[in-house]
Amino acid sequence: MSSVAVLKGGRSLERQVSLRSGARVENALARLGHEVVGIDVGHDLVARLRAAAPDVAFVALHGRDGEDGIVQELLEALGIPYTASGVSACMRCSDKVVAKHAMRDAGIPTPDFYAFTETAFKELGAADALGAIEDRLRFPIVVKPADQGSALGIRFAASAADVPAAIVAAFSYSEKVLLERHVHGRELAVSILGDEALPIVEALPREEDFYDFSARYTIGRTEFVCPAELGDELSARAQAMALEVFRLLGCRGFARVDLMLEDGSDELYVLETNVIPGLTETSLLPQAAETAGISFDELIGRIVELAVPAAA
Amino acid sequence: MRVTPTRGGPGGLSQRRDLERYAALFASRTSVMKSSAMRDLMAITERPEVISLAGGLPDTSTFPAESLAALLSKLAATDSARALQYAPTEGMAAVGEAIARVMAAEGTEVDPEDVLVTTGGQQVIDLVCKTLVDPGDVIVAEAPTYPGAVPAFSAYQADVVQIAMDDDGMRVDELEETLGRLDREGRRPKFIYTIPTFQNPAGVTMSLPRRQRLVQVAHERELLVLEDNPYGLLRYEGDPLPTLRSLDGGEFVIYLGTFSKILSPGIRLGWTVAPGPVLEKMNLGKQASDLCSSSLSQLFVAAYFAEGRWEDYIASLRELYRRRRDTMLDALAEHLPREAAWTRPSGGLFIWATLPDYIDTTDLLALGLSRNVAFVPGRAAYLDGRGGSSMRLNFSGVDDDAIREGVRRIGEVVREQVELYGTLTGAAPSREQAEPAPTPPDPELANVLQLPDRAERDERRAR
């Protein structure tokens, strides 16, 4: 039993999800007998951490500040052990472009992509290269903000005419935007806990609105199946690949790796890694843990145990 | 995100019991109750550092605190037992009289007996749906419509058909076409929902001929009209128009009124006047919902109206909001690029602005929030995904400086996006702002470039 500060909320666009994750984590920690302090992250974060002097901080933040290593850096400075990945892994994973380069360099398949800053378009004439990029990636092309954790700002461009507006939309969320080849196939999420891959969750769009991301992320429009019906060989391959990515990017504790299983080729492609995936009632990681026979309370207990450095 | 039963596999159903337990209990109507990324974004607009032009808030700080204190302490001293007790479902008689006076101020006569006092105007929308709408029934509404009505319509699984508007409000010709089409499909709408005066969100007002025609159409087809009129007394210029309810044929109109914008939304009091049989069902519906509206609030309203200063207070609100509207219109002209258009409301609380169609105002809101400014993305006012390039701006809830600064920040992010889009498409971005519109040498060229001049643009209103 120890005292745990649960960091939640904050200023990110995913504040609401984080508050739900945080509240659920707090309840679980209390049931496990820990002394719990919930902190809605704001200007007084350092003061509140100092006052609480917790044995460990449970980072239940999603998106900017929480998943990009900023809060982790602060916790390092204060000498407070914390859950999930360290600063450098957070930085690598929260920037999809950095993560994709790392995977490509390591030979892990990830959909082809090109990434640009606004400066590239405004000062270097990158718009002139769009035609060549479109030829290479082929339509539909996925346009994404580089560092936005949720589905916000992600667009499918079906033709060249859609690309500029999609890029404008993505720059609403990020300084950097990525154009990515769209892999048509099944969407899989592999959660990692400790050094083990949990059962795979598949996201199935309920309606034929495959290119409408906002609809897909609206309650009731997507259903989730766990364990995904993939067969042993494919499941093992996806889990091994997710674990390899987890290690490559230096993740710790837990994370969720999102993959695509391409129709026809049965090739797997890694899209991204979430260092602090959602922990709400309906989030994918808790669902995967339950399927593996790990209750939510046990899951949270394990995550806290994994946070405390063994040699400390 | 909703979790549904898995399709077998090891680990099976029993381990997901916890998740499934709730999902299996949800009524089918909850599947259309949407929780969206936009809703999460809207939650962030409430941070204190954000200048929010997103709300629909009246400025309650203008209500004299000493008046409130005097009224409440007198109420506590003289009528505390009644204030703490249940009230009749239809409302207290004294409130009915206050309502009759408010409606008379808009030229609408009503017998206090025909009034049902409700918990805000929102409850009227809910009760009308509860009374009239079966799953799949058609409701006709304006495009755009009041964003707060959308979840109510959705909760009753209505099929909402939205009718375009122009400067003169709902296009009644399009309404008639639509009714004809629905007729041929064997579908009869249950009611037509309209905010004829200073519409939320568009800010436009239905002209008198259209009002007359709408009531006539409803009469001919024996359709009910839900007339939502929260802002009628907040007119800043021009002559008042009659309510639909007061027109010949108005017996098919369900009238919705509220104290929210002329006194306080915090007291949660509204009302409805409806045809007898409808009112009776709504009364039963209200019994099931909440038995009665707050007695404390009702006695407060009765005392406030008995005091006789309510018209002065509304006059002071009119003066305040007129100035804020003008401030916002000036700021829009100064800060929005030429490609934008917006409405010029003669009353109410809202301006509807429409940007070039390549700008998505939901994404723009995320960018706006990074500069601490918020508005309502247009999509919230549609049930079919339209409205993506529009936004609703409120000018009543924040002071002049905040309006100016808020609009300046919105202008900044809009101009950034217009410029970026220009860079991406090779089209020359318009670096000029709206005000000093250079006269194009050739009017034909102006058309080709789609750069309407100022006068033309001012003609453009909500579409």
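For this structure, a couple of remarks:
- The alpha-carbon of B:K261 sits under 18 angstrom from the alpha-carbons of these aspartates and glutamates, leaving out residues fewer than 8 places away in its chain: B:D59, B:E106, B:E227, B:D228, B:E237, B:E311, B:D312, B:E319, B:D399.
- The mean sequence distance of close C-alpha pairs (under 8 Å, at least 6 residues apart), as a share of the length of segment B:210-362, puts its relative contact order at 22 percent.
- Peptide B:415-426 - average C-beta neighbours from other chains (10 Å radius): 5
- Built amide H within the under 5 Å cut-off of B:L263, gap 5+: none
- For the cross-link pairs B:K74/B:K281; A:K96/A:K122; B:K74/B:K286, the ones whose C-alpha atoms lie over 27 Å apart are B:K74/B:K281; B:K74/B:K286.
- Model label zone, A:R247; criterion: amide N under 19 Å from point 7 Å along Cα-to-beta-carbon; scope segment A:48-92: A:85-86, A:89-90
- For chain B, the membrane-span-like helix rule (DSSP H, alpha carbon extent of at least 30 Å along the helix axis, mean Kyte-Doolittle at least -1.0) picks out B:310-335, B:400-425; this says nothing about an actual membrane.
- Isotropic mean projected area of the C-alpha convex hull, the protein assembly as shown (nm²): 36.8 nm²
- Over chain B, the fraction of Cα-Cα pairs per 10 Å bin, rounded to whole percents and listed from the shortest bin up, is 4, 19, 27, 25, 16, 7, 2, 0.
- For segment B:383-398, putting each phi into the Karplus relation 6.51 cos²θ - 1.76 cosθ + 1.60 with θ = phi - 60° gives couplings of 9, 10, x, 6, x, x, 9, 10, 8, 9, 10, 9, 10, 8, x, 10 Hz, in residue order, rounded to whole numbers and with x for Gly and Pro.
- Between amide H atoms placed 1.01 Å from N, distances below 5 Å from A:G253 occur with A:G194, all of them 5 or more places distant or on a separate chain.
- Cα gyration tensor shape for segment B:41-168, rounded if a/c is under 1.5, else prolate or oblate: oblate
- Inter-label distance, nm, simple model (7 Å from Cα along the C-beta direction), B:L320/A:L124: 5.3 nm
- Residue by residue along A:148-161, Cβ atoms of other protein chains within 10 Å of the local Cβ number 2 on average.
- With q set to 0.13 Å⁻¹, the log10 of I(q)/I(0) for segment B:119-262, from the Debye formula over equal scatterers at the Cα positions, is -0.51.
- Taking 0.36 nm per residue of sequence separation and removing the Cα-Cα distance, the B:D159/B:R39 pair yields an extension gain of 41.0 nm.
- Averaged over the residues of peptide B:40-50, the number of Cβ atoms from other protein chains lying within 10 Å of each residue's Cβ is 3.
- Whether segment B:56-118 is rounded, prolate or oblate, judged on the alpha carbon gyration tensor where a/c under 1.5 counts as rounded: oblate
- Here each label is just a point 7 Å from Cα along the line to Cβ, and for A:L78 and A:D135 those points are 5.4 nm apart.
- Pairs of alpha carbons in segment B:289-427 whose separation is greater than 25 Å (percent): 41 percent
- For the protein assembly as shown, the Cβ-based charge dipole about the Cα centre amounts to some 1060 debye (Lys, Arg positive; Asp, Glu negative; other atoms uncharged).
- Amide H partners (placed H, <5 Å) of B:L224, local residues excluded: B:I192
- Note that segment A:3-14 has calculated 3J(HN,Hα) couplings of 9, 10, 9, 9, 8, 8, x, x, 9, 5, 5, 9 Hz, one per residue in order, obtained from phi through the Karplus relation 6.51 cos²θ - 1.76 cosθ + 1.60 (θ = phi - 60°); glycine and proline are x.
- Based on every Cα atom in segment A:94-210, Rg and the maximum pairwise Cα distance Dmax equal 15.3, 47 Å.
- Farthest toward positive dipole pole in segment B:130-226 [+1 Lys/Arg, -1 Asp/Glu at C-beta], among B:M170, B:P196, B:P209: B:P196
- About the centre of its Cα atoms, chain B shows a dipole size close to 1520 debye [charges on the beta carbon of Lys, Arg (+1) and Asp, Glu (-1) only; nearest 20 debye].
- DSSP H segments from chain A that extend 20 Å or more along their own axis, Cα-based, with Kyte-Doolittle mean of -1.0 or above: A:15-31, A:232-248
- Working value for segment B:372-414: equivalent-ellipsoid semi-axes of 22, 12, 6 Å, each the square root of 5 times a Cα gyration tensor eigenvalue, largest first.
- Per residue, the average separation of C-alpha pairs within less than 8 Å and at least 6 apart gives segment B:280-380 a relative contact order of 13 percent.
- Placing +1 on the Cβ of every Lys and Arg and -1 on the Cβ of every Asp and Glu, with no other charges, gives segment B:154-240 a dipole of roughly 260 debye about its Cα centre.
- Karplus 3J(HN,Hα) series, Hz, for segment A:155-162 with 6.51 cos²θ - 1.76 cosθ + 1.60 (x for Gly, Pro): 10, 9, 9, 7, 8, 4, 5, 7
- Net lengthening on full extension, A:A151/A:N27 (0.36 nm per residue, minus Cα-Cα): 41.9 nm
- Helical runs assigned H by DSSP (4 residues or longer) give chain B a calculated mean residue ellipticity at 222 nm of -13500 deg cm²/dmol, each run adding -39500 (n - 2.57) before division by the residue total.
- Stokes-Einstein D in µm²/s, Kirkwood radius over Cα pairs - segment B:253-323 at 37 °C with 0.692 mPa s viscosity: 235 µm²/s
- Against the empirical curve 2.2 N^0.38 Å, the C-alpha radius of gyration of chain A lands at a ratio of 1.00.
- Cα→Cβ-extended label distance, 7 Å offset, between B:L182 and B:D312, nm: 4.7 nm
Laboratory data are not the source of any read-out in this text; all were calculated from the coordinates shown. What you see is a predicted model; the values in this text were computed from it and never measured. Please note: Cβ atoms are built from the backbone with ideal geometry, for glycine as well, and neighbour counts cover all protein chains shown.
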